[in-house]
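Report on the structure given below.
Read-outs throughout are calculated quantities, based only on the coordinates presented, and are distinct from any laboratory measurement. What you are looking at is a predicted structure, and each value in this text was computed from that prediction instead of being measured. Positions of Cβ are generated from backbone atoms using ideal geometry, with glycine treated the same way; all protein chains shown enter the neighbour counts.
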Amino acid sequence: MTMDARKQRVLQAIVALYGLEGEPVGSSVLANYFDMAVSSATLRNEMAALTKLGLLEQPHTSAGRVPSAQGYRYYLDHLIDAPKSGTLPEKDRRRIDDLFAAMDAEPEKLVPAATRCLADMTGCAAAATTPQAPDLCIAHFEVVQVGRYSAAVLAVTSAGGVRTRVARVDTGLTRDDAANLAQLLNRGLTFVAPQDLSPMLMASMVLAAGQRLAPVIMAAQALVTTGPQACLEGAQYLAKMADVRQNLGTLLEIFSDNEAATELIRPEGNKITATLGCDLDPAMPGACIVSKRYLAGGGLTGSVALIGSTRMEYERLLPILDYFAARMGQSMAGQINEEGETRNEPRRKETDRPGDGSGC
């Protein structure tokens, strides 16, 4: 049995209707959806065929049909169009534009703030990572005395980002110590890849600095080896989803590990990637993760994702995610001005300017 065009339309309709109502879809409801252009009898036959193919399930003998995990997989792989910015309603575009225009573009501040707003906008949990590049390294160090016993180690990455870490020196720290440490770090640890940060190199750095200043050297080491940071916002929305909330503990555990969380929401290439919870290890039945890569300039990339039920409104949410990812990358690359416009874009006409949209 093959999937002809009508079976595809029926599956697509059942996914949409089940996502809206959360109830099994019967042939009469489906006939109304098609404006009675197809008879109920024909639709029952098509639904029976889709059930035999494993794409639909019937919870009870007298009930309608719901999509199976295989049905959702087929829908996501074959039936949903790639989201286009032009399909996003203007009010959503303006809301997202205003959001990023008001945000600090520093990735460590922007990522959690933007992720929180994406969750509030969509009613799903949202997740994102700070940008990273395979060849990212530290180009310059500064060491600043902070009080008598602490030093702030500042590192400027090769992409222009800034990382900081504070180290405590129990024996005290002078300005001369800070200046000498900065020179030592710039000689020994700039443009060193994390995988080349050998124990022998670190031992020689500690020896040159002196054991009492070793905490500052260790803080610099941590800055060199820092990978992308992942954050999760909007978990409260998952708690309200009956078919997903049992997975909340598993999800929170994954996001306690940056590496595991980053891998969980990593998309395939530059397209939106949808992953069903039943395909994950550990499995999260009933859940779906849709993710998109963003480009932050200078070879830096990150991920942004929506996490919700397999019944999520894909047609509405995927264009939001696609546009949101584009704006996140543009903001980090300094391509959004204070009025929410992309640099080098034609300026909006006064009548097209956003009204009172602000914040989330």
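Dipole of region 102-245, Cα-centred, from +1 at each Lys and Arg C-beta and -1 at each Asp and Glu C-beta, to the nearest 20 debye? Intermediate values should be presented prior to the final figure.
Working: 11 positive and 12 negative charges, 63 e Å.
Once rounded to the nearest 20, the dipole reads 300 debye.
Among the chymotrypsin sites (Phe, Trp or Tyr not before Pro) in region 18-103, which ones are in a DSSP loop with at most 12 other Cβ atoms within 10 Å of the Cβ? Mind listing them? Please report the intermediate quantities before stating the final value.
Working: sites: TYR18, TYR33, PHE34, TYR72, TYR74, TYR75, PHE100; in loops: PHE34.
Answer by residue number: there is no such site.
If you count, for each residue, the other Cβ atoms within 10 Å and average over each peptide, how do 264-271, 197-204 line up from highest to lowest? Can you show the working numbers first?
Numbers: 264-271: 16.1, 197-204: 11.8.
The packing order, highest mean first, is 264-271, 197-204.
DSSP loop (so not H, G, I, E, B), at most 11 other Cβ within 10 Å: list which trypsin sites (Lys or Arg not before Pro) in region 122-215 pass both filters. Can you show the working numbers first?
Numbers: sites: ARG148, ARG163, ARG165, ARG168, ARG175, ARG187, ARG212; in loops: ARG148.
Answer by residue number: ARG148.
Rounded to two decimals, what is Rg over Rh for the chain when you use alpha-carbon atoms and the Kirkwood radius?
Values: Rg = 25.6 Å, Rh = 23.3 Å.
Looking at the chain, the ratio lands at 1.10.
Rounded to the nearest Å, what's the spacing between the alpha carbon centres of region 98-136 and region 1-46? Just the number, please.
38 Å
Here is the link list: LYS91/LYS271; LYS52/LYS292; LYS52/LYS240; LYS7/LYS240. Which ones come out longer than 30 Å on Cα distance? Don't jump to the answer; show the numbers that get you there.
On the way: LYS91/LYS271 24 Å; LYS52/LYS292 33 Å; LYS52/LYS240 32 Å; LYS7/LYS240 32 Å.
Listed pairs above 30 Å: LYS52/LYS292; LYS52/LYS240; LYS7/LYS240.
Measure out, as a whole number of angstrom, how far apart the alpha-carbon centroids of region 56-75 and region 141-159 sit.
So the separation of the two Cα centres works out to 57 Å.
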